[in-house]
Amino acid sequence: MIMRRSSRSSCSASPDARAVLDRENARLWHAGRGRRQSETRGRAHCDVPIFASTAQAVRDTGGDVAVMFIPPATARKAAVSAIEAGIKHLVVLTEHIPAQDVMALHAAAARHGTRIVGPNTAGLVTPGECFVGIMPAFVPSVFKPGHVGVISRSGSLGTLVCLELTQSGLGQSAFIGIGGDRCSAPPRATRSRRLTTTRNRGRRHRRRNWRHDGRRRRRLRQDDAQTVAAFIAGAASLPARRWATPAPS
Amino acid sequence: MTTMDVIRHFGGRPANFLEIGGEAYTKSAAALDLVLSNPGVRSLIINFCGAFARTDVMAEGVVKAWQELKPAIPVFFSIHGTGEDEAIALVRARLGIEPYDLMEDAIQAAVRAAQ
């Protein structure tokens, strides 16, 4: 799942949440959940129009991407309504959604062919093109268009990795935060057939081929060797403080 | 977490680890107070990699607390992410400290200062 310049996105948010979509590159609207329809209809927040529901927004704008800034208790309802409204890509930033609710929304997504990123994701960045979520996508020292795909559970560590790539002159093709929750959806995010390889400074990096020009698209072949570099933080933490360390037998 | 790994990589030993990301990012003054209450701290590394957390807000808290508490230990900054320009300008103007461009350099300097 790659955010494109042409993506049309909605932001279902708490009334005080700020919009963090790139308004120059993507069309954005709010679905004003948590307020009565009469209060939200025809209004705008951060110069972005508010619709009464995601379904209404999809009907009026033809949008296909939604991002959720919804508290855990009501996230399931919001997600399912976005999925049923025909949203194709749903970015769920909320942390601590009950596992049962996460399973329910994954099931709803599977029924409707919706792709979910998250929950508890920092979002997606296609440097120089599009951005959904809470990453510092517009900070030039962190993100710059390049050829290394970055997949991370953590927003902060993802930021650090992208920063290091930019500082070393490489940049990123795309960043995907797969979410830190137990039932997040990494398989769909990372198993995309739109993976390709590229030579860059003598090393091979996994990259997402979202920069194809529409005429030519390389598909990942089985014999395409890829270099995947992994970084796991926490080597200096005390063994007793490590999360989910199995007890030695 | 990575900060601790890099401290160890350069031969240092973390006295404290305190994360002020997420919901706590407006509380860097309280965080600084807490870390400095440990007499074992000989130098301080402040490493911000702000995504959701705004580094300018965190830097403001740190600068305020630093001027209030006037600690006798050296401090080293590495600031990147949301609001970094404002944060770096703030640290430069109010503390007269130049934040490091590379996290590794800041940590190496902090480790050297502690030895």
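The values are calculated or read from the model by the stated rules, or taken from the named source; none is laboratory data. Nothing here was measured: the structure is a model prediction, and the numbers come from that model. A quick note on method: Cβ atoms are made from the backbone with ideal geometry, for glycine too, and the neighbour counts reach across all protein chains shown.
For segment B:18-29, give me each residue that is surrounded by 14 or more Cβ atoms within 10 Å (Cβ to Cβ) and either within 14 Å of chain A (Cβ to nearest Cβ) or not charged (D, E, K, R) (or both).
If the condition is that a residue be surrounded by 14 or more Cβ atoms within 10 Å (Cβ to Cβ) and either within 14 Å of chain A (Cβ to nearest Cβ) or not charged (D, E, K, R) (or both), then B:20, B:21, B:24, B:25, B:26, B:28, B:29 are the ones that fit.
From the residues in segment A:138-165 that are within 27 Å of residue A:72 (Cβ to Cβ) and within 9 Å of chain B (Cβ to nearest Cβ), which one is surrounded by the fewest Cβ atoms within 10 Å (Cβ to Cβ)?
In this case the residue turns out to be A:157.
Failed condition for residue A:194, given (1) at pLDDT 90 or above; (2) more than 30 Å from residue B:54 (Cβ to Cβ), with all others met?
Against the list (1) at pLDDT 90 or above; (2) more than 30 Å from residue B:54 (Cβ to Cβ), residue A:194 comes up short only on (1).
Inside segment B:91-115, can you point out the residues that are within 14 Å of chain A (Cβ to nearest Cβ) and among the charged types (D, E, K, R)?
Once the filter is applied, which keeps residues that are within 14 Å of chain A (Cβ to nearest Cβ) and among the charged types (D, E, K, R), segment B:91-115 yields B:101, B:104, B:105.
Looking at segment A:150-170 only, could you name the residues that are among the small types (Gly, Ala, Ser) and more than 18 Å from residue B:50 (Cα to Cα)?
Step one: list which residues in segment A:150-170 are among the small types (Gly, Ala, Ser), which gives A:152, A:154-156, A:158, A:168-169.
Result: A:168, A:169.
Which condition number in (1) touching a strand residue (DSSP E or B) at 6+ places or on another chain (Cβ under 9 Å); (2) of a type in the set (D, E, K, R); (3) closer than 21 Å to residue A:233 by Cα is the one that residue A:144 fails?
Just one mismatch for residue A:144, condition (3).
I'd like the residue in segment A:77-115 that is farther than 20 Å from residue A:57 by Cβ and either within 14 Å of another protein chain (Cβ to nearest Cβ) or among the basic types (Lys, Arg) (or both) and, out of all such residues, is surrounded by the most Cβ atoms within 10 Å (Cβ to Cβ).
Of the residues in segment A:77-115, the ones farther than 20 Å from residue A:57 by Cβ are A:95-104, A:106-107, A:110-111.
From what's left, either within 14 Å of another protein chain (Cβ to nearest Cβ) or among the basic types (Lys, Arg) (or both): A:95-96, A:111.
Numbers: A:95: 17, A:96: 12, A:111: 10.
Looking at residues that are farther than 20 Å from residue A:57 by Cβ and either within 14 Å of another protein chain (Cβ to nearest Cβ) or among the basic types (Lys, Arg) (or both), I get A:95.
Here is a list of conditions, (1) of a type in the set (Val, Ile, Thr); (2) within 12 Å of another protein chain (Cβ to nearest Cβ); (3) not in a helix (DSSP H, G or I), and residue B:88 meets all of them except one; can you say which number that is?
It is condition (3) that residue B:88 fails.
Would you check if residue B:72 is more than 28 Å from residue A:177 (Cβ to Cβ), within 13 Å of chain A (Cβ to nearest Cβ) and free of Cβ contacts under 8 Å to residues at least 40 places away in the same chain?
no
When segment A:116-137 is examined, which residues are found to be touching a Ser or Thr at 6+ places or on another chain (Cβ under 9 Å) and more than 10 Å from every other protein chain (Cβ to nearest Cβ)? Show your work before the answer.
Start the filter on segment A:116-137 by keeping residues that are touching a Ser or Thr at 6+ places or on another chain (Cβ under 9 Å), which leaves A:116-122, A:126-127, A:130, A:132-137.
Listed by number, the residues that qualify are A:116, A:117, A:118, A:119, A:120, A:121, A:126, A:127, A:130, A:132.
Is it the case, given these coordinates, that residue A:180 is surrounded by fewer than 24 Cβ atoms within 10 Å (Cβ to Cβ) and within 14 Å of chain B (Cβ to nearest Cβ)?
Yes: the conditions hold for residue A:180.
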